[in-house]
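What follows is a single structure, and I will ask about it in a moment.
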Amino acid sequence: DAGVIQSPRHEVTEMGQEVTLRCKPISGHNSLFWYRQTMMRGLELLIYFNNNVPIDDSGMPEDRFSAKMPNASFSTLKIQPSEPRDSAVYFCASSRQGVTTGELFFGEGSRLTVL
Amino acid sequence: SQQGEEDPQALSIQEGENATMNCSYKTSINNLQWYRQNSGRGLVHLILIRSNEREKHSGRLRVTLDTSKKSSSLLITASRAADTASYFCAQGVQGAQKLVFGQGTRLTINP
């Protein structure tokens, strides 16, 4: 099993540019989560999907952020326009059973730097 | 905020000693999970304890849960240099399919 795959691993962009982060969950997992990690705020849940449907997006900071899951094997997190305060490591994670009974499998993260 | 707290924020011990990390949380939970993160890497699941369990073991790890105090602890026995990492507790929030993470404990094992 290849695990959760995220791309790009590193992205450096300028303020105002659009950023798209990509995630391929583990095959057979039906829940997908996007987290953001910063030194100041720790790990924050941005949004999660169950069976490709967004269930809770209350953690999405503002309208500049959007996430999609067009099928069971692919999700994107988009920031448009990006701002320096969006600099963080963004993690995607998936789960087979949902976190009520199971664990999360994390990708290696996408480190975003907005100049 | 539902985010829990971990104590201590940083811990440095000698190889072979035991390491204990504590976690307090705010919500009602289905389970509490512990994760490990090596520098620059993703989080890796270590152990899950359900809300009706009080103690669980896995290898050198021992986790306790006290739901009346909304607290949990992770004990790593006979620590090794390779245990150096950040450790996070995560609340499986009751009634919601989501995990809320604490701020983590940075553990350093000195050889």
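Can you tell me which residue is nearest to the other protein chains (Cβ to nearest Cβ) among those in segment A:60-80 that are outside any strand (DSSP E or B) and charged (D, E, K, R)?
Step one: list which residues in segment A:60-80 are outside any strand (DSSP E or B), which gives A:60-64, A:72-73, A:80.
When the remaining residues are screened for being charged (D, E, K, R), the result is A:62-64.
On the way: A:Glu62: 17, A:Asp63: 21, A:Arg64: 21 Å.
Per the criteria, the residue is A:Glu62.
Here's another thing I want to ask about it. Return only the number of the condition from (1) within 13 Å of chain B (Cβ to nearest Cβ); (2) part of a strand (DSSP E or B); (3) at pLDDT 95 or above that A:Leu45 does not satisfy.
(3)
Could you identify the single residue in A:Glu108, A:Glu83 that is among the acidic types (Asp, Glu) and within 11 Å of chain B (Cβ to nearest Cβ)? Before you say what the answer is, go through the steps one by one.
Numbers: A:Glu83 fails: within 11 Å of chain B (Cβ to nearest Cβ).
It is A:Glu108.
Table: residues versus (1) within 30 Å of A:Ile5 (Cα to Cα); (2) among the aliphatic types (A, V, I, L, M); (3) within 11 Å of chain A (Cβ to nearest Cβ); (4) touching a Ser or Thr at 6+ places or on another chain (Cβ under 6 Å).
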{"position": "B:Asn22", "(1), (2), (3), (4)": "no, no, no, yes"}
{"position": "B:His45", "(1), (2), (3), (4)": "yes, no, yes, no"}
{"position": "B:Asn52", "(1), (2), (3), (4)": "no, no, no, no"}
{"position": "B:Asp66", "(1), (2), (3), (4)": "no, no, no, no"}
{"position": "B:Ser73", "(1), (2), (3), (4)": "no, no, no, yes"}
{"position": "B:Asp83", "(1), (2), (3), (4)": "yes, no, no, no"}
{"position": "B:Phe88", "(1), (2), (3), (4)": "yes, no, yes, no"}
{"position": "B:Lys98", "(1), (2), (3), (4)": "yes, no, yes, no"}
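Return the only residue of B:Gly4, B:Gly16 being at pLDDT below 95 and of a type outside the set (Val, Ile, Thr). Outline the logic, then answer.
Working: B:Gly16 fails: at pLDDT below 95.
Unique residue meeting the criteria: B:Gly4.
Next up: Kindly state which strands (runs of 3 or more DSSP E) lie completely within segment B:1-94 and contain at least 3 residues that are touching a residue at least 12 places away in the same chain (Cβ under 8 Å), within 11 Å of the chain's Cα centre (by Cα) and farther than 26 Å from A:Ser94 by Cβ. Step through it out loud before you land on a result.
Values: elements: B:5-7, B:10-14, B:19-24, B:29-37, B:43-50, B:55-58, B:61-66, B:71-76, B:85-93.
By residue number, B:19-24, B:71-76.
Only one residue in A:Asn52, A:Asn30 is without any contact (Cβ under 8 Å) to a residue 60 or more places away in the chain, surrounded by fewer than 20 Cβ atoms within 10 Å (Cβ to Cβ) and not aliphatic (A, V, I, L, M). Which one?
Working: A:Asn30 fails: without any contact (Cβ under 8 Å) to a residue 60 or more places away in the chain.
After ruling out the rest, the residue left standing is A:Asn52.
If you check A:Leu46 against the conditions, is it more than 13 Å from A:Phe106 (Cα to Cα), among the hydrophobic types (A, V, I, L, M, F, W, C) and touching a residue at least 12 places away in the same chain (Cβ under 8 Å)?
Numbers: more than 13 Å from A:Phe106 (Cα to Cα): yes; among the hydrophobic types (A, V, I, L, M, F, W, C): yes; touching a residue at least 12 places away in the same chain (Cβ under 8 Å): yes.
Considered against the rule, which asks whether it is more than 13 Å from A:Phe106 (Cα to Cα), among the hydrophobic types (A, V, I, L, M, F, W, C) and touching a residue at least 12 places away in the same chain (Cβ under 8 Å), A:Leu46 comes out as yes.
Could you please let me know if A:Arg96 is under 27 Å from B:Ile29 (Cβ atoms) and among the basic types (Lys, Arg)? Spell out how you get there, then give the answer.
Details: under 27 Å from B:Ile29 (Cβ atoms): yes; among the basic types (Lys, Arg): yes.
Judged against the criteria, A:Arg96 is a match.
The values are calculated or read from the model by the stated rules, or taken from the named source; none is laboratory data. This is a predicted model, so every value here is computed, not measured. Every residue, glycine as well, gets a Cβ built from its backbone with ideal geometry; the counts of neighbours run over all protein chains shown.
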